[in-house]
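All of the numbers you see were taken from the coordinates with simple rules; none came from a lab. This structure is a prediction, so every number in the text was calculated from the model and none was measured. Methodologically, a virtual Cβ is constructed for each residue, glycine included, from the backbone with ideal geometry; neighbour enumeration extends over all protein chains shown.
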């Protein structure tokens, strides 16, 4: 009687086992990788905005500093978008007939706010504070990328927890601070905290730094 | 709440839904939710989005102002704090001040005007009101008692324009007895001012002076300065019918029925009169009147002798305080005792009465006859609810006899239902106004927000009637202030910058040094004789029980009846939530053969009231206490059917009356939180007497770090947060509980879930009764997360959702929590709360009250006290921005900030200057359940009672 399985079936079974193993691992890993892809984090998606505002022109050509419009970055948790009257401060004098600025003039005279599309959004549970980051010398570009080269603003970093912890775990190395401006100068130098959980925690990586 | 989750699905439909959800679940990641950003068009000056600002304003109740600071986030008020500079607050805020912000966003607020002939616009109603005032019979205006110079000016103008107009002031808790007593003894009504920081021995006669007097917050601050254990510690005696927060802090207290209270006060005064030096102060007529009183029981008489002895020993630094709800006779006896003790000018002074405008005002009791006679044209109720609080006047039926009736109301209350027209009343955070504090300090009410709906304040209404609508109350209050400063019209200011003065005062919230000057009245003690003879010779053995009406510690007089925070707030002593009850002693309950939860029927004349019974140990025997403010009758409202309305018995507040009490077989469904979150049998709170404490300091387990632990050790360094709570200073008044709720977005769950022990308070106050069950000692212990260094909750969490921070906080990470509830099971202090349902799902305007710095928790998540981590991190961010260290005392928790006695101290263990650390080093500091090895960061200080030798009665 002929063999029930042909001679190649052993190899086929082995290959099948390997493939099933790879698939099982991929099924686990795929979602973890997938959520980190720009497809989900919305990196490099340049959004259309109600006004064709061009940072290249305002920052590079005119030399206007970030804080001229995003005034609250130094004093509040929110950097803020400029109110319409800030735009009109200049544009009532220059380009005051430009059709590109029609939505701004409409907003100014009708009193209805411009509806900008949010580009940089954080997870819901995070209390991020602009002022302390600016005060400690984190450059705007660090999180927002080279905005001055963008025609339409886009996200250049994932802004996920990994990204935040990257600096919070080792701000000195990441930002090249001198000792005087070091975060840890305020409190203990090496606040390692292995109690209870076994995780090394410093004051900047303690949960309530961002989650309250 | 639970009905939301009772879906009626068939098995197959459920299967379909599950399959569809699974299949589509991947799609959610495909399209990111796009948010919009709406910047201002024109940015308001002074607004920085994300940075809270505080404005000074005032909370006014019954004509007395308390200065507060209201926190505003982008223009919406979210939280009330005390105004540290204001003399009636000194930085503290009480339960009612804290909760008042929720009323602003109450969904039950009167939505729009409602009038006859289909009038619905505010303007048309105002026109109608003005017209009604001028035609027909004479109009009648019913107002809350007021001290507002602007309102009084408007009333004067109103009377000038409508000379026939009649005005009544109505407040269910009006403290007329003290004015009657001062008028009798001094010839004119006066406002007593107590100085507890100077008082070494205090006798409180039915006086909850830490809680329900116009200057209570100040009293509490002053009182606390004399309660540190040591030779300067004051001694407090309390004689009261029901157990009050002040009574729990008294060194000794005795429960006395209202009639006994009069005789007790007389006995104390008679004892004082026997002392040689004091005897001369009292005329013989008074002495012989005092002798008329029926003798007290043996215990009471011994207590009276002892109190008199102690008071006499502290002559010049003694103080006798009679509560606002005591009858005139007790007030007179207290004044005479103070006079005999030489307190006047030292611990007691007098100023002019704060509420004014009473000249020419008619008592409300005359309104029914006028209505029956058809003698009332336009009848206007502004900010009062007499249909609810004075049912004996039968106004609900009689209001229709007025030619027209108007009600200015915050919510559709009983009076609004009875009136033909209703106007929405503006909240104090929406309106301009002024008022005087309990010492006469002129305070301003400043709005923080445009009225959410078209509405008017009582001042706006009266000013509109007097000068024509629409009235600008801003201008009106400014003009009053100009007149007070003696300035003419705006153009005539020469050499005086009114604008600068006005802005300074409004910014501060009050006018500095504007309190009334102390007056020095001449005492005429013999005028007390007829009153005392009558009060003391009243028969004491009539049948039935004595009825004692009290201010509700949660709803005040009922004006907060739609405030969900206050409805759910457990009573400080009975721990009853969502309702009130007839409070009796255990002996009285045994006489009735009934127990807590049984319904009894109270009868006064022809009036009946069925109320649930609650046994309150320490209550006077033979009397029943009912708290006002509950039992509202307006259907579809939150307060409908919550508790019983004590006013139905027709006994005015502050009078002694007898009621028949008949047991029934009915049972009531009470939400008592007393046995919720029960801790272990062993004592978790300690108390000592001053003598034993100074001679033999206790040895509580101090060296907690030496305890063995299985957990890895960690060396804490740098800023380390910790809290010390002095049980000697906690009266259990609940202000911290509401402050925590407002600060931390803690939800209200409703009566059904409270009964299931699912209330969500991060901070609760545990009340312990010890000693004699009939005269117990009371210990109030605020219980909140202890932030254990070896926290039992942390190592049982499978997902690390509760972990420790380097600065010693036990952190709760909501986004990690999967709701196993292992942590709360393992917590020995039972301070963790689980969101069984979507409690945060408030709708509409209530959302605007939320603190944006604190996560609103969702269903299935554990939560607990964070030591106000949002305030810690905010202070740290500020310090880092300014390149400095945290300043001592820079971080203040919400509970600490509002506490009037300063029972709660918070700070860092590395800050040697902190009050928290100083307290922690006292020998009486102890850690709750220290034996468990949790090493809590919160320490309690044992309660110290300053006894004089033997204790009476226990």
query: Nearest 10 degrees, 0 to 90: what angle lies between the long axis of helix A:9-34 and the longest principal axis of chain A (Cα atoms)?
result: 20 degrees
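Ranking B:236, A:22 by Cβ neighbours within 10 Å, fewest first, what do you get? Walk me through the numbers before you get to the answer.
Working: B:236 27, A:22 10.
So the residues, fewest neighbours to most, are A:22, B:236.
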- prompt: For A:45, B:738, what's the fewest-to-most ordering of other Cβ within 10 Å of each Cβ?
  reply: A:45, B:738
message: What is the distance in Å between the Cα centroid of the range B:716-758 and that of the range B:55-102?
response: 19 Å
message: I need B:288, B:113 ordered by Cβ neighbour count within 10 Å, fewest first.
response: B:288, B:113
- prompt: Taking the Cα-to-Cβ direction at residue B:662 and at residue A:118 and moving 7 Å from each Cα, how far apart do the two end points lie in nm?
  reply: 6.4 nm
query: Over the range B:542-672, one equal point on each Cα, no solvent: what is log10 I(q)/I(0) by the Debye formula at q = 0.12, 0.14, 0.15 Å⁻¹?
result: -0.40, -0.55, -0.64
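Please list the equivalent ellipsoid semi-axes of the range B:158-217, computed as the square roots of five times the alpha-carbon gyration tensor eigenvalues, in descending order and whole angstrom.
Values: eigenvalues 209, 43, 24 Å².
Whole-Å semi-axes of the equivalent ellipsoid: 32, 15, 11.
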- prompt: Classify the range B:586-626: rounded, prolate or oblate, from the alpha-carbon gyration tensor (a ≥ b ≥ c, eigenvalue square roots; a/c under 1.5 rounded; otherwise prolate if a/b is larger than b/c)?
  reply: prolate
message: If you take each beta carbon of peptide B:874-886 and count the beta carbons of other chains within 10 angstrom, what is the mean?
response: 4
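Let me make sure I get this right: for the protein assembly as shown, a, b and c are the square roots of the gyration tensor eigenvalues over alpha carbons, sorted descending. Under 1.5 in a/c it's rounded, otherwise prolate if a/b > b/c, else oblate. Which is it?
Working: a/c = 1.82, a/b = 1.43, b/c = 1.28.
Prolate is the answer for the protein assembly as shown, as a/c is 1.5 or above and a/b outweighs b/c.
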- prompt: Considering the zone a paramagnetic label at residue B:751 would reach in this model (a point 7 Å from Cα along the Cα-to-Cβ line), which residues of the range B:654-690 have amide N under 14 Å from it?
  reply: B:667-673
task: Report the calculated FRET efficiency for residue B:818 and residue B:362 (r = Cβ-Cβ distance, R0 = 60 Å), to the nearest 0.05.
output: 0.35
query: From the Cα gyration tensor of chain B, with a ≥ b ≥ c the square roots of its eigenvalues, which class applies: rounded if a/c is under 1.5, or else prolate if a/b is larger than b/c, or else oblate?
result: rounded
query: For residue A:14 and residue A:174, FRET efficiency with R0 = 51 Å and r from the beta-carbon atoms, rounded to 0.05?
result: 0.65
query: the range A:56-105 to the range B:298-369: how many Å between their Cα centroids?
result: 67 Å
message: Take residue A:24 and residue B:159, extend 7 Å from each Cα along the Cα→Cβ direction, and tell me the distance between the two endpoints in nm.
response: 9.3 nm
Net length gained if the chain between residue B:517 and residue B:595 were fully extended (0.36 nm per residue, minus Cα distance): 22.9 nm
- prompt: How many nm is it between the label spots at residue B:826 and residue B:498, if each spot is 7 Å from the Cα in line with the beta carbon?
  reply: 6.9 nm
